[in-house]
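Remarks on the structure that follows.
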Amino acid sequence: MSTLTTRLGLIKPEHSDETHQTIFDLSQNFDIIDAAAERYAPAPPTSGIHTIRDRIWNDRPAAGSYAGWICTRTGRAAPAWTGLTSYSIGQTIVPTAENGHYYECIQAGYSAVQEPAFPVTSGTEVEDTKAATTWTANKAYAQNEIVFPTIDNGRFYVCTVAGDSGMFEPVWATSNGYITNDGTVAWSSYRIAKWREAGVSTMFRPFGKIE
């Protein structure tokens, strides 16, 4: 009857085990060894599921840096949110200010200029349109201000040339990056991205300061 090793829990086959069972046991051993192997990277991971105590060694150690990073919270890793970035359905992000959650894109589109207030309630959704207001006639707009058309079309528009809006609402462009001229203002068109809270994000902390 097979037994387990003390530290890694590897299977130690007995000479009486069937051949196919021994091969299966060895295959499991290889998976365990692979999972326990040291990993090296230039930064903490931004993808995958990671469990507490997972450790990543810094493959570019230098004075003043750290020997590596260790997982202090089990969860999913994802890259940080960035502004005016195209996102596809299924992509995941974490907020730039860590809040213990990650978010999945459920409507393909672009992030706004400012980061939204990401909810922490499970499954809650949020549109990526922070600071957007409804377009107004004869109004001064500054660069990077965001507006919605008065009739929702699933897009937001970023002021790329500051100026005064016209007397009448323009015919809004409906292709990403296309320009709408409005009085002396120029607006760039973007489809709205939408996010849903999707679970717990992992946390990696640096360890081993190198003097």
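The values are calculated or read from the model by the stated rules, or taken from the named source; none is laboratory data. Being a predicted model, the structure only gives us computed values, none of them experimental. We place every Cβ from the backbone using ideal geometry, glycine too, and count neighbours over all the protein chains shown. Just so you know, the surface numbers come from the protein's heavy atoms only, side chains and all, with ligands and any DNA or RNA stripped out. Shrake-Rupley method; radii C 1.70, N 1.55, O 1.52, S 1.80 Å.
Name the pairs: first residue in the range 95-116 and more than 15 Å from Thr129 (Cβ to Cβ) and among the small types (Gly, Ala, Ser), second residue outside any strand (DSSP E or B) and open to solvent by 50 Å² or more (accessible area, probe 1.4 Å), Cβ to Cβ under 9 Å, at least 6 apart or on different chains?
Gly100/Val120
Residues of the range 41-54 being in a strand (DSSP E or B), in contact (Cβ under 8 Å) with a residue 24 or more places away in the chain and either open to solvent by less than 80 Å² (accessible area, probe 1.4 Å) or of a type outside the set (A, V, I, L, M) (or both), which ones? Steps first, please.
Let us first name the residues in the range 41-54 that are in a strand (DSSP E or B), namely 41, 49-50.
Restricting the remaining residues to those that are in contact (Cβ under 8 Å) with a residue 24 or more places away in the chain gives 49-50.
His50, the sole residue that qualifies.
Before we move on, is Ala63 of a type outside the set (Lys, Arg) and at pLDDT 95 or above?
Numbers: of a type outside the set (Lys, Arg): yes; at pLDDT 95 or above: yes.
So Ala63 fits the description; yes.
When only residues in the range 109-133 that are out of contact with any Gly (no Cβ under 9 Å at 6 or more places or on another chain) and polar (S, T, N, Q) count, which is surrounded by the fewest Cβ atoms within 10 Å (Cβ to Cβ)?
Result: Thr121.
So which residues in the range 178-198 are over 30 Å from Val120 (Cα atoms) and open to solvent by 40 Å² or more (accessible area, probe 1.4 Å)?
Tyr178, Ile179, Asn181, Gly183, Thr184
Name the pairs: first residue in the range 154-180 and in contact (Cβ under 8 Å) with a residue 60 or more places away in the chain, second residue not basic (Lys, Arg), Cβ to Cβ under 6 Å, at least 6 apart or on different chains?
Val158/Ile146; Val158/Ser188; Asn176/Tyr190
I want to confirm something. Restricting to the range 72-108 and keeping residues that are in contact with a Gly (Cβ under 8 Å, 6 or more places away or on another chain) and under 18 Å from Asn176 (Cβ atoms), which single residue is most open to solvent (accessible area, probe 1.4 Å)?
Once the filter is applied, the top-ranked residue is Ser86.
State the number of residues belonging to the range 122-156 that are out of contact with any Cys (no Cβ under 8 Å at 6 or more places or on another chain) and either closer than 19 Å to Trp195 by Cα or part of a strand (DSSP E or B) (or both). Working first, answer last.
The first filter runs over the range 122-156 and keeps only residues out of contact with any Cys (no Cβ under 8 Å at 6 or more places or on another chain), leaving 122-140, 148-156.
Now drop any that are not either closer than 19 Å to Trp195 by Cα or part of a strand (DSSP E or B) (or both), which leaves 122-134, 140, 148, 152-156.
Result for the range 122-156: 20.
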